[in-house]
1. Looking at (1) farther than 30 Å from Arg44 by Cβ; (2) more than 18 Å from the chain's Cα centre (by Cα); (3) at pLDDT below 90; (4) not charged (D, E, K, R), which is the only condition Ala286 fails?
2. Just to be sure before I move on: is Ser444 farther than 20 Å from Phe385 by Cα, open to solvent by 40 Å² or more (accessible area, probe 1.4 Å) and not aliphatic (A, V, I, L, M) in the structure I sent?
3. Determine whether Pro32 is open to solvent by less than 60 Å² (accessible area, probe 1.4 Å), modelled with pLDDT under 90 and not in a helix (DSSP H, G or I).
4. Right, Arg246: over 21 Å from Met72 (Cα atoms), crowded, with 18+ Cβ neighbours inside 10 Å and among the charged types (D, E, K, R) or not?
5. Count, please, the residues in the range 388-447 that happen to be in contact with a Pro (Cβ under 7 Å, 6 or more places away or on another chain) and closer than 15 Å to Ser460 by Cα.
6. Of all the residues that make up the range 21-50, how many are more than 30 Å from Ala307 (Cα to Cα) and not aromatic (Phe, Trp, Tyr)?
7. Scan Ala686, Ala700, Ala654 and give me the residue that is outside any helix (DSSP H, G or I) and surrounded by fewer than 20 Cβ atoms within 10 Å (Cβ to Cβ).
8. How many residues, within the range 38-51, are touching a helix residue (DSSP H, G or I) at 6+ places or on another chain (Cβ under 7 Å) and either charged (D, E, K, R) or within 16 Å of Val220 (Cα to Cα) (or both)?
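The values are calculated or read from the model by the stated rules, or taken from the named source; none is laboratory data. Every value quoted in this text rests on a predicted model; they were computed, and no experiment measured them. Cβ placement follows ideal geometry from the backbone for every residue including glycine, while neighbour counts extend to all protein chains displayed. With ligands, DNA and RNA removed, areas are computed over all heavy atoms of the protein, side chains included. Shrake-Rupley method; radii C 1.70, N 1.55, O 1.52, S 1.80 Å.
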Amino acid sequence: MSRTPNLSDRTGRPRRPESIRLHCNENPYGPPPGAVAAAEQELRSAGQSYPDSDCTQLRQRIAEFHDVRPDMVAVGNGADELVLLTAMAFLKPGTPVVLTDSTFPGYASAARSVGADIRTIPLADHAIPATALSSALTDEVALTYVCNPHNPTGSVLRPSEVLQILDRAEDRNVIPVFDEAYMEFAGPDHECALDAVRAGRRLLVLRTFSKAWGLAGLRVGYLIGHHSLVAEVLRARQPLPFSVNRLALRAAEAALDHPEHIDDVRARTAAARDLLCERLAALGVATTRSATNFVLARPPGNSNEIATRLVHEHDVHVRDLSMFGLPGHLRITVGTPEQVAALGDALESILPDSAARSDLSSGLGAPDGRIEVATRKPLDHINLFNGYVGATVVFALNELGAWPPLLSGVQRVDALAEKLGVERGKLLVLLRVAALLGHVELHSATAPADPGTGSTVALSPAGRELVRHRGFFTWGIGGYHQLLHGLADIALGKAAFGEDIPRDGAKVATGAGMVGSELMAPVEREVFADIDFDSVADLGCGDATRLIRMCSGSETRRGVGIDIDDGACEEAVKAVADSGLSHRVDIVRGDVLQHMGGRTFPGVELVTSFLMMHDLFEASGDPAGTMRTLRELFPDAKWFLIGDTVGQRWDDPAAELPIFSMEFELVHAFMDTPIATAQAYETAFAAADLRIHRREPFGAPSTWLWLLAAD
């Protein structure tokens, strides 16, 4: 479902027979046997006659195929026409319609054609956020288009999410239109919208013969829904009585004689999709899990340039997604295994060389043979399990705010519970576990009348050292607990990070801020003393702890914090306001790799980035290009201060396991974010004409702080 001309059309060159079309989500296996022959026979026997304007026979066949009544079916010239007809039937000038961002553009085009008020909500990790979409369905909204499976990201709603949207729509008298053009690829487990239609509920479901059925060239779409809604769509169609031609009608009817064709195409597509994702991963191209016959890919470098080069140099066509509001991404149709291999070969010749990719793959997620991991002194099963329990207790006590008062000295347990607003008995349990692990000292009063009353608690020497590192626990357990819980599901392919399994961006930011305050600040202060600056930009600012610290040291210094995570930005805005610096510090949500939507930041003298440059390097696949982009965004910067963690050395069996490093590399491996080598950083700095002025160990294991001069 796309009206954009393919790139080969724009070149002015005739398409060669060997062109590989992976940009329109066509089925490379074609239609079922008999469909083409039926169309040819129809042309020979009745090509001189108009088709049946009511599409009676095909509607009857579709109704039988899906176990509904014929008056619950409408047929159109592709699903595109039916999208337009639903807009014409149910929308008026000024009527609100709800869409998601970054979806099939035909919905907005149809709504604009009738003057409707288009309201959009953002995707959440490339998926439709069912709760947010449902909340947007207010009494004044007339219609919502829900693309499921979603084009162009390939995600699919769970049946419970479909029912959540439907329940809300019915409650607010909103008509939900579920566009299921790719549902045959997702399979029967996701077809609950049609079940709702059969149950008499008030919705419309769009399907097409263009995708899995392999009849894109003949343009046949259909709509199934409540009979009263279908009647309105058919009335809107009356000015176009012969929109579907005879050949298309007859071929679609013949296709329905072969339901086994869909099972075959689904299986072949799934196998080729696995091949495609494996090849892309080997090339350093990140992908989003797909339930369809296409894959959302984020290649290293400029996606539009890559798509253009694929056409001109290899005659391979993929879709750059800038038009969908997803710059930097490609949508790649799953072709045959031979087409997948050809695409992979073409991409390999275009993407950064393997040596550069090697420098970006040094952590635990590195390919087999890239790193060596020694078998160290074992952590026995008792300490292993109790360590897990202890880590969660450390995090819980931090969330309760227990550590700061304990740092100030001995506390009465009852007074501490009252101060924290915590049930005393539950606090006592946590403190007892901390005592068993050697981090606090508990002393009970003699024969207390009530257990816990009169008891005191103090940090042990080991506890005081532990508290200095509590930011790692907030970062790891608070920020990544769902990812750690879902490691097996991700490994099995049952779930994907960012789609099914999120991270808590606010906790990640808070934990990083705590580590910065406790462990990195002394090094940071020493390096800052080496330079003079009046304005600073902090990339990946998190909760703004470091930015606030930098700007608080001066009466006039101004700052801007940039982060891509909504939760982190919300925390940062609150923290800046609480510090009284809102008049001098701005927080901006944006993606520096996408050049901040064309925005630059002149006048900034110092650019800082702490513990997030690896994300930028991975996303671009071009560390040198990333650093050059930063120089363009901050044209007046004199200094760049970059702190980040590089791959740990795991080949020494005698070395103690450091805190942080193992989890850092584990979660990044499951997020498909490789860890770069120190050499990758310094090569990128040099390529962007940034001279290393200082290089210092930076608080956490395998973490460095580079002060770079823009000479």
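1. So Ala286 meets the others, but not (2).
2. Numbers: farther than 20 Å from Phe385 by Cα: yes; open to solvent by 40 Å² or more (accessible area, probe 1.4 Å): yes; not aliphatic (A, V, I, L, M): yes.
Answer is yes for this residue.
3. Details: open to solvent by less than 60 Å² (accessible area, probe 1.4 Å): yes; modelled with pLDDT under 90: no; not in a helix (DSSP H, G or I): yes.
Spelling it out, it is not the case that Pro32 is open to solvent by less than 60 Å² (accessible area, probe 1.4 Å), modelled with pLDDT under 90 and not in a helix (DSSP H, G or I).
4. Numbers: over 21 Å from Met72 (Cα atoms): yes; crowded, with 18+ Cβ neighbours inside 10 Å: yes; among the charged types (D, E, K, R): yes.
So Arg246 passes the test.
5. Filtering the range 388-447 down to residues in contact with a Pro (Cβ under 7 Å, 6 or more places away or on another chain) leaves 411, 416, 419.
Now restrict to residues that are closer than 15 Å to Ser460 by Cα: 411.
Qualifying residue count for the region: 1.
6. Here is the first cut: in the range 21-50, the residues more than 30 Å from Ala307 (Cα to Cα) are 32-50.
After this cut, where a residue has to be not aromatic (Phe, Trp, Tyr) as well, the list is 32-49.
Number satisfying all stated conditions: 18.
7. Values: Ala686 fails: outside any helix (DSSP H, G or I); Ala700 fails: surrounded by fewer than 20 Cβ atoms within 10 Å (Cβ to Cβ).
The unique qualifying residue is Ala654.
8. Summing the residues that are touching a helix residue (DSSP H, G or I) at 6+ places or on another chain (Cβ under 7 Å) and either charged (D, E, K, R) or within 16 Å of Val220 (Cα to Cα) (or both) in the range 38-51 gives 4.
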